[in-house]
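Read-outs: derived from the displayed coordinates by stated rules, not from any lab. Treat the numbers as computed from the prediction; the structure is a model and nothing was measured. Note: ideal-geometry Cβ built from the backbone for every residue, glycine included; neighbour counts use all protein chains shown.
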Protein chains: 2
Amino acid sequence: MLTSPALRSAAMTRSLHDDVAGRLEAAGQRYTSSRRQLVAQLGDLERPHAIAELLELDGSQPQSSLYRNMAVLEEVGVVRRLQGADDVARFELAEDVTGHHHHHLVCTSCGTIDDVEVSPAVEDALHEAVSSARRERGFRTDVHRMELLGTCARCHD
Amino acid sequence: MLTSPALRSAAMTRSLHDDVAGRLEAAGQRYTSSRRQLVAQLGDLERPHAIAELLELDGSQPQSSLYRNMAVLEEVGVVRRLQGADDVARFELAEDVTGHHHHHLVCTSCGTIDDVEVSPAVEDALHEAVSSARRERGFRTDVHRMELLGTCARCHD
DNA sequence: TTTACTGCAAAGGGTTTGCAACATG
DNA sequence: CATGTTGCAAACCCTTTGCAGTAAA
């Protein structure tokens, strides 16, 4: 079993913005229109995107503001930053706010990162590995992530 | 089950260098003393290291040569480049030449990446995910990697 | 009306590259 | 001796930051 993320409904979008607003307020930060717009944009996208890609999709906000807002949103746990195969960071809404646990398919040809869900059996195995790391190495895991590196369908045709 | 990589014996080191020499020759590249020294150094280290760290351990080779040799060795499949939690690349000998399949514990506090082996049950689960990705997404996986992100024992005391 | 945010441009930091000298097969 | 390699320094590119002006609570 392996599915794409579910699309967010209007109601989910509303609660998403409420959640984000609350997190920002708790940190003494403001939920400005540019940040709201950025969160909405990330919510519409079905996979992590780089700053340059976001700029291309919507150039209403300069690069530096995009970086700064992304840093703030990451700080309060709304956004997650990914380092893929290349050296550009890609961003997605954090699982804490989407409630959508997933992993990634990383294309080493074009750099694209796609979301992917895996079966409960695989998740169980990952949790076992997390427990072992803590027991045997004293390593405290925040998140586990599984990444499959290879070439996406778009690249190998 | 979860163990550290086995140390390489003198015999393994010999065959390692033969392997590397062959791969470089096949690519029309030379196995110079600086490259040999670099491979030996990576073979002695028990976890991936950044260029800056390698320079500190052995400054006999300038940064640019280190980067260039690392790129060549990566090209012929001797070295694997990892992008960890921070934005510095770390390098290790590729599994093809060590025969040592493993995953990584990534410390989000100090950036250190440690090798870790997981149980056959976990490996089986990972293979299942690889198969699903190919079947359902047309994603051709070169390598699967599992990374646990958190804080290492050194950092949380 | 205080504090955070924006936008521009400049600086940072890891990585790559041009070029002339060198070394290896 | 032809071709790959080295070393220095400059260039590159993604990302961050200083600062003056602006907007939000």
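A few remarks follow.
- Taking other Cβ atoms within 10 Å as a rough exposure proxy, A:Asp19, B:Asp58 sort from fewest to most as B:Asp58, A:Asp19.
- A simple charge model with +1 on the Cβ of Lys and Arg, -1 on the Cβ of Asp and Glu and nothing else charged puts the dipole of segment A:101-157 at about 320 debye relative to its Cα centre.
- Amide H within-cut-off set for A:Phe139, under 5 Å, with H built and near neighbours excluded: A:Arg134
- Shape of segment B:101-157, Cα gyration tensor, a/c cut at 1.5: prolate
- Rounded to whole Hz, the Karplus (6.51, -1.76, 1.60) HN-Hα couplings of segment A:114-119, x for glycine and proline: 10, 6, 8, 9, 10, 5
- Spin-label zone in segment A:138-157 - amide nitrogen under 16 Å from a point set 7 Å from the Cα of B:Glu46 along the C-beta vector: A:138-139
- Electrostatic dipole magnitude of chain A [Cβ: Lys, Arg +1; Asp, Glu -1; Cα centre; debye, to 20]: 480
- Fewest-first ranking of B:Val79, A:Val76, using other Cβ atoms within 10 Å as the exposure measure: A:Val76, B:Val79
- Dipole moment magnitude, nearest 20 debye, the protein assembly as shown about Cα centre, only Lys, Arg, Asp, Glu C-beta charged: 420
- Reported value for the protein assembly as shown: 166 Å³ per residue, from the convex hull of its C-alpha atoms.
- Calculated from backbone phi, Karplus (6.51, -1.76, 1.60) coupling profile of segment B:72-77 in Hz, x at Gly/Pro: 5, 5, 5, 3, 8, x
- Residue exposure sequence - A:Val130, A:Val78 - by fewest surrounding Cβ within 10 Å: A:Val130, A:Val78
- Where labels lie 7 Å past Cα in the beta-carbon direction, separation of A:Arg30 and B:Thr13 in nm: 6.3
- In Å, descending, principal axis extents of the Cα set of chain A: 44, 42, 30
- Label sites at B:His101 and B:Val143, each approximated as a point 7 angstrom past Cα along Cα to Cβ, lie 1.3 nm apart.
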